[in-house]
Amino acid sequence: MPRSPGSERGVPRIRRRTALLGGAAAVSAATLATGCSRTGAEAASSVPEGAATGTPADGGVLRIARPPASQAETLDPADSLSAYEYLGALYNRLVRMDENGETVPDLATDWESDDEGTKWTFRLREGVDFHDGTRFTSADAAYTLRRILDPDLASPQATVLTPLLSPEGVHTPEPGVLRVELDTPNFEFPALLTNYHCYVVPEGSGGSIGESGIGTGPFRLENFSPGGRGRVVADEGHWEGRPVLDAIEMFAMTDIQARTNALLAGQVDLLSQTNLDFATARVVAASDNATIARSVNAQWYVLPMLTTAEPFTDARVRRAMKTAYDPVHLLDVALQGTGVVGEDNPVPPETPYWTDHSLERDPERARALLSEAGHEGLQVDLYTSTYDPVFTPMALAYRDSVAEAGIDVRVRNASADSYYTQIWMQRPLMATYWYTGRPADQLLNQIFRSGSSYNETAWSDPDFDDLLDSARSTADGDRRRRLYQDAQRLVVEEAGAMTPMFADRLVGLSREVLNYHESGFEFDYLNIGLRP
Amino acid sequence: MSEPNHGTPSTPSRTAAHTVSRTVRTLRRSRTACVGLGLVALHLAVAVLAPLLTSASPTANVPDEALLGPSGDHWLGTDALGRDVLTRVVYGGQYALTVSFAATTCAIALGTVLGCATALKGGRLDGLLMRVLDAVLAIPPILALLVVVTVLGAGPAVIVLAVTLVYTPQVVRVVRAAALGVAPLDYVTAARARGERTLSILLREVLPNIVHVVAVEFAMRASWVVLLISSLSFLGFGADPPTPDWGLMISENRTAMVVLPWATLAPIIALATLVVGLNLSADGLSRAWSVDRTEEAS
Amino acid sequence: MLLYTCRRLLSAVLTVVLSAVLVFAAVQLLPGDVATQVLGQDATPEAVAALRDQMDLNRPAAVRFLDWIAGAARGDFGLSPVSGEPVAHTLWPHLRNTVLIAVSTIVVAVTASVVLGVLAGLYRDRWPDALISTLTLIGMSVPEFVMATLLVLLLSITVPVLPAVVLDEATAPVADLLPAVVLPTIALSVVMTAYIVRMTRTSIIDVMAGEFVTTARLKGISTVRLVVRHALPSALLPTLNVIAMNVAWLVGGVAVVENVFNYPGIGQLMLESVHNRDLPVLQAIAVISALVYVLCNLAADLGAMALNPRLRTGGGSKR
């Protein structure tokens, strides 16, 4: 996502510290800003302030430290406990999302729908083989889709796809053509297939895919142990050409400090799914063997209020919580300005369907709303954890910010290991984040639609659901955008999610790493390499 | 599991006033004890007077002043949220001292009562209690602590409870041995025969004569408790943010140590000096009173 | 002698069984149903019932305890509800790794503390004694996680000679883990040495002040010989107990240090199980630790008896 700060909303709210790395790291900052041997064309296509680019050495082994999901994690892309880092290396989807949020070809070369938006035809790439040598055909694509819809599998993506599609609607007229007949019209359907649960697996592999990891991706699985280490090696016959690296090794480390120490000591080359806090980023950038790459607006932070739990069952309390805080303060304290404010709307600014609707900060109004709801001097527990280093600073800044409205927030620390099982969607108020890189339709349906499994605030509003339904079935692009924007307004005003900010992910990586590129859920496994 | 021999079986007739005056005299003689108690007193004073010593707030986030080095405004610099490190260190003693002392007091009080009681009663009760305490001692303290804290949720009250639970058995053993040393069972039997009640024997004869053992035990145990509680904070089971707490501060700032050494070093020094003070107190007092400390490592 | 050993053995067994009862009872008393705990709030009643069945929660606690203790005696600690695997599968490799640290720590700490203790004792109240006492005091006062953090900073990041964290899994071969053992061992040894040195020093001073030393000196026996042949054995006697106590402390200390180094030992497993509320694993760890503690104390007592004939009661003359 290219950033164009202040283009429309020239308010000084988008404050960004250019001196990200401070004086101590001036040298590394210079390296960051200019890259190393960046050619003109590469510079234009890469994320600003991204990693070093250049011609990498042939081969090499990249070592990645990752947070362990759990002992129960699996290589099955459709599963809710899929091992995220492995998926992009092992598999392909039919379509992927580019940096501008557009849906672009992957295993499908092109696609079209009828005028109603119900019958979709995907033409598939020819000459693609799975790692076990079998040819990829429409049967595999159909199997993948039907499998996601299987209620027994309980795939998170099923809650998005089930309302519009049944297994009987998936057809394979030819080996190279997949036809999907939707139950309800949806002009955003291909975008929904960019999700990371939609990686294509071989037909009939459901029982074994969790361990075998057989896909069409640039790397083959060598070994994998859940919650432990694993290794993937280059697939010589990959359809896009052989990847630059020979192999990637993955190590699971629970403690973020341990991950950072491993990077600083040169034991690993890249920290995945790890947003370093500002202070640590400074330390990393100042070190001899590691540096920082910024993945712009890579995640949005959110304080979800569980709308089924007291006191957030009352819309007035939710509104008060939202109008009481100042997102700029949160952005400054928690991110040192390395991001942009969120205005309680999780659709990233400047993406196609985004609207700039926001609530005015008004502590007095918040106070009035609270006393109206009978919650004057509201006391709430806000749960946080060391799972992500931004959670606690964000919670503390929120606590500061709402004190003016007479809201007493107690920040409670919970263990990182069980944060997403014991706290998330269990406690009335907590701190969490999501990765950007979701199409607006997917995002709104998955996180805010009544009954969706990722609806972390348990919010349910029939008007909102209706807006999404009509947006999906609207052929006219402008009208569709307006409907999605109306839906966002409801999210801002009524829903339980407070979205104070979008953050750049500060990714720690070795100075040896070249062509690291990640945006949203797209990690470029093909071109990443090591310095010659 | 051997029982310590007590070097000072004293005549059970010393008055409280005598004990106090003797204490003052021994303290004047023992430089170690003076330095130790002085350090502890200094920490207590700083913690109590914290609001007078610094005008800054230990919890206010000032993003514009984050990650500063030492300067006139911030003698030890600021942390990642722009909070003054020195202020947080000064206030940090409040949590550590309150929780540690509350926990130690509870463990010592409970341990002394149980230890004296079992020593005086003797017999089956004594045998059974010591057996159970042996079994409790065999369970690693950190495990017991973690389980209690996860189940009941981290909070000062829970930590006090958990620490009491973990350390009481060890206090019981030490106190029981000391009580047996000053009032052997035949002596108690004799007193009973004279018609004295157990409670009065305990209060009049036993307690005054083991006060020194209990005091040494307190200082020594407190040093362990401070360390244990800081470990809990470090592991994320202690104080909730933004409480200024030394263990939490070390944990929060340790990665940035290369860039901002004081944010980590200052709480380390504060923590270490408190523990040194307690250790020296225990050392000095035990030497001055010649209390046997073979059991201390338990 | 034999009788005493038997009595001590019996009492050791009794202690372990008693702590097993305590641990089991404590786990039963924990609020909240284990099955709901594992499955989460939204679990269907059928799923909870099935898991309760599978975990045998429907039978009386006493019966389950007898079953469990019988299994534990055979090394079978049941299934972990979190990973679905036998507890023993995860337990043994982690235990092995911790034993690796523990043994090296004990060797280093005991050697260091005997040397330092003898030095301090011989140079009583002179500068080596003062220096050693000061270092000891610092060692006792700095928490082991601080020591570990400083070591990482110094020997892994500033001068990268040793790994900062362990990348290997619990089941990795010992040879792979060896470089990773060094830093945890140093961190733990510093603290442990500090405690043992004090004891060795006092013992040496006591022994050297004894009458037989004066006699030996008069006979012209050298100090080195005197220390090694006569003073050390008697000085080690009270030290044994301190060492045994420290082994028990290791189990706790190691949890924090393993956390810093990402070391796949029993402490790491303990923290993980606490987070996941994996009670069968916790029970197993508690019982194993109790066993280690009791065995160490037993060994110390028996060792003390072997070193000191006066402690032998009864059959002493038969030898």
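Rounded to two decimals, what is Rg over Rh for the stretch A:362-452 when you use alpha-carbon atoms and the Kirkwood radius?
Expressed as Rg/Rh, it is 1.03.
Relative contact order (percent) for the stretch A:120-197, with alpha-carbon contacts under 8 angstrom and 6 or more residues of separation?
Relative contact order, the stretch A:120-197: 34 percent.
Over all directions, the average projected area of the alpha-carbon convex hull for chain A comes to how many nm²?
22.8 nm²
Taking every pair of alpha-carbon atoms in the stretch A:279-325, what share in percent sits in each 5 Å bin, from 0 to the bin with the longest distance?
Once binned at 5 Å, the Cα pair distances of the stretch A:279-325 give 5, 16, 15, 12, 8, 9, 9, 11, 9, 4, 1.
Hey, if you drop one equal point scatterer on each alpha-carbon of the protein assembly as shown and run the Debye formula without solvent, what base-10 log of I(q)/I(0) do you get at q = 0.05, 0.08, 0.09 Å⁻¹?
Calculated log10 I(q)/I(0) at the listed q: -0.38, -0.93, -1.14.
To the nearest Å, what is the center-to-center distance of the stretch A:345-367 and the stretch B:229-257, using C-alpha atoms only?
Computed from Cα coordinates, the inter-centre distance equals 35 Å.
Check residue A:203: other-chain or 5+ apart residues with amide H under 5 Å from its amide H, H built from backbone geometry?
A:140
At a threshold of 8 angstrom on Cα-Cα distance, excluding pairs fewer than six apart, so keeping six or more, what relative contact order does chain B reach in percent?
31 percent
According to the square roots a ≥ b ≥ c of the eigenvalues of the Cα gyration tensor, what is the shape class of the stretch A:390-532, taking rounded for a/c under 1.5, prolate for a/b larger than b/c otherwise, and oblate for the remainder?
Oblate is the answer for the stretch A:390-532, as a/c is 1.5 or above yet b/c matches or exceeds a/b.
I need the trypsin sites (Lys or Arg not before Pro) found in the stretch C:95-191, filtered to DSSP loop residues with at most 10 other beta carbons within 10 Å of theirs.
Answer in residue order: C:126.
Please turn the phi angles of the stretch A:461-474 into ³J(HN,Hα) values with the Karplus equation 6.51 cos²θ - 1.76 cosθ + 1.60 (θ = phi - 60°), one per residue in order, whole Hz, x for glycine and proline.
Result, ordered by residue: 9, x, 4, 5, 4, 5, 4, 5, 4, 6, 4, 4, 9, 8 Hz.
Residue-wise, which Karplus ³J(HN,Hα) couplings in Hz belong to the stretch A:423-437, taking 6.51 cos²θ - 1.76 cosθ + 1.60, θ = phi - 60°, and x for glycine or proline?
Couplings: 10, 4, 6, 10, 8, x, 9, 7, 10, 8, 8, 10, 7, 6, x Hz.
Would you mind checking which residues have amide H under 5 Å from residue A:63's amide H? H placed 1.01 Å from N; only 5 or more apart, or other chain.
A:249, A:269, A:270
Which whole-number percent gives the relative contact order of the stretch A:463-532, counting Cα pairs below 8 Å spaced six or more residues apart?
20 percent
For A:332, A:356, what ranking results if the residue with the fewest other Cβ atoms within 10 Å of its Cβ goes first?
Fewest-to-most ranking of A:332, A:356: A:356, A:332.
Using the number of other C-beta atoms within 10 angstrom as an exposure proxy, rank A:152, A:58 with the fewest first.
So the ranking, lowest neighbour count to highest, is A:152, A:58.
Filter the chymotrypsin sites (Phe, Trp or Tyr not before Pro) in the stretch A:282-365 to those in DSSP coil with at most 13 other Cβ atoms within 10 Å of their Cβ, and list the result.
none
Would you mind telling me the antiparallel percentage of the DSSP bridges in chain A, rounded to 5?
Just about 75 percent of them are antiparallel.
Okay, helix-only estimate at 222 nm for the protein assembly as shown: each DSSP H run of n ≥ 4 adds -39500 (n - 2.57), divide by all residues, round to 500 deg cm²/dmol; what do you get?
Dividing the helical sum by the residues of the protein assembly as shown leaves -16500 deg cm²/dmol.
Taking Cα centroids, how far is the stretch C:157-191 from the stretch C:203-273 in Å?
So the separation of the two Cα centres works out to 24 Å.
Taking H as built 1.01 Å from N, whose amide H comes closer than 5 Å to the amide H of residue A:290, not counting residues under 5 places away?
Distant-sequence amide H within range of residue A:290: A:511.
Read phi for every residue in the stretch A:54-64 and hand back ³J(HN,Hα) as whole Hz from Karplus 6.51 cos²θ - 1.76 cosθ + 1.60, θ = phi - 60°, with x for Gly and Pro.
With the stated coefficients, the stretch A:54-64 comes to x, 8, x, 5, 6, x, x, 10, 9, 10, 10 Hz.
How about the stretch A:403-480: which chymotrypsin sites (Phe, Trp or Tyr not before Pro) there lie in a loop by DSSP and see at most 10 other Cβ atoms within 10 Å?
Hits after loop and neighbour filter: nothing returned.
For chain B, count all C-alpha to C-alpha pairs, find those more than 37 Å apart, and express that count as a whole percent of the total.
Beyond 37 Å sits 25 percent of the P(r) for chain B.
Could you state the number of Å between the C-alpha centres of the stretch B:42-81 and the stretch A:172-215?
57 Å
The numbers here are math on the coordinates, done by the rules we state, and not lab data. The structure displayed is predicted, hence computed values, not measured ones. All Cβ positions, glycine included, derive from the backbone under ideal geometry; neighbour counts span all protein chains shown.
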